[in-house]
Structure formats: structure tokens, C-alpha cells
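Engineer: Right, I'll just put the structure down here and ask away after.
Here, each number is a calculation from the coordinates, and none is a lab measurement. Owing to the predicted nature of the structure, the values given are computational and were not obtained by experimental measurement. Methodologically, a virtual Cβ is constructed for each residue, glycine included, from the backbone with ideal geometry; neighbour enumeration extends over all protein chains shown.
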Amino acid sequence: MTHAPPPPGTPPAGSGPSSATGASPLSATHTASSEAAYASAAVEPPRRGPAALRVLFFLIGAPLLVLTLVLSAGFAVAAVAGLGAAVVIQHKRGRRYSLLSGWIGAVVGFALVSGAFTAYKVAGHSDTLTMAIDSARTQAATQPPPKLPGFLQRLQPNTTVDSATQARARAMTQSRGFVWFSLVFGGGIVLVIASTFAGTATWGFVTLLGYSFTGLWPPGTARPAEEVVDFG
């Protein structure tokens, strides 16, 4: 049994508008409405903070930032640069700036620059430091051995310190390597504490200034084109 050919001018099966696009008219209408909703959300300007609050944040952040720059001998500039680097990195990765990323950038930036400057200064005066260490070792060697603490003497009044053990302990603590290790370790702790305090202060004051200039909190996060739109 054969089928009759279609009348002339009839389009072949599967060549209609819906088949060409692969979607039904209802789906096309929904997609168009969704795109229109996204476009309207993308061009809508972000809501900014009140002017009075922005002025207040500026009056607080600007003088405190200058004070931080003075107290840190200018090293707070490194914290500002680190915060800016965090903003750029987040933007390159397609993510929004966050307060945590800015804080990390400020602290790390301050630590890197101040640590590098300190290491450079120490390397330039290594001979002077070595002479000071040797002088301190020589002076300590002439001092009598320390006595046991009073509470240990009361607990064991007849206990005496072994002279050989004491000599080994003094030799270790007065060695040049041990002294250098103590200086580096102590300097590292001081650097971490100073970087945390100075970086945090700089990050906070710069964040206040960012809000005063942009009116966005956190500054730079409310890019309208990135607003989440529910397409249903």
C-alpha cells in the first residue's frame, strides 16, 4: 500500500518553526520573559547608603588611616596594596570582593613588605649583630651559674645541680646558633603580631573610606549585572 504524495506547496514534516528551534512556543515565550527580567535587573542601579552615614564613615576612617600610616612608618601602604590585590584577584576569578579576602590581603601585604625590609636591614648589619652576640656570650660566661628557684630548694633542699649538665645547658643556650634562632623566632612572632594589628587597622579604615565613596557595603560588591535573578 502506497501513500499519496503531499499537495504542492506543503512544507515537509519537521520543518515548522517549533521544530527548527527545538522548543515549543510556550518555552520560547518563557525564555524571552526571563531574559527581559534579567536585563531590567542588570540596568537597575544599586541602592547606596545614606549620605550622612557616608560622611560619618569618611570623618572616622580618613584621620585614623593617616594615623596608622604615621605609626607604622609608612608600612601601612603595603596593607592597602595587599587589599587592592585581593580585590583584583577576586575580580579575575569572577568572584565578589569579601571582607575576609580584603583582611587577608591587608595582613599578608603588610607582613611581606615589613618582613622583607627587616631581613634586608638584618643582612646589612649582620657583622654588628654577630659582634654583639659574641660580646653577650663572653659576658654571660663570666657570670656564676644561676641558683635553683626558691620553691625547688624548699621542695628538695639537698638537691644540687649537676655541674656537667649545667655546663652543657649553658653551652647550648649561649651558642651563636641558639642566639640567632632565638632572634629569628622572636622576630617572627613580633612580625605576626604587628602585621595582624596594623593590617587589621588599615583594612578597617580603608573599608570605611570605601563605603563613604561608593555607598556600598562591603565596598564594590553590589555590581548590578551580578544580581541573582530567579528565572522560575
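Engineer: Could you give the length gained on full extension between Leu71 and His125, defined as 0.36 nm per residue of separation minus the Cα-Cα distance, in nm? Please report the intermediate quantities before stating the final value.
Structural biologist: Numbers: separation 54, 0.36 × 54 = 19.44 nm, distance 2.42 nm.
Full extension of this stretch gives 17.0 nm more.
Engineer: Beta carbons within 10 angstrom, averaged per residue: use that to sort the peptides 47-55, 204-212, 59-67, highest first.
Structural biologist: Values: 47-55: 11.6, 204-212: 20.9, 59-67: 14.6.
The densest-packed peptide leads the list: 204-212, 59-67, 47-55.
Engineer: Same structure again: Using a basic spin-label model with each label point 7 Å from the Cα along Cα→Cβ, how many nm lie between Ala116 and Ser98?
Structural biologist: So the two model labels end up 2.7 nm from each other.
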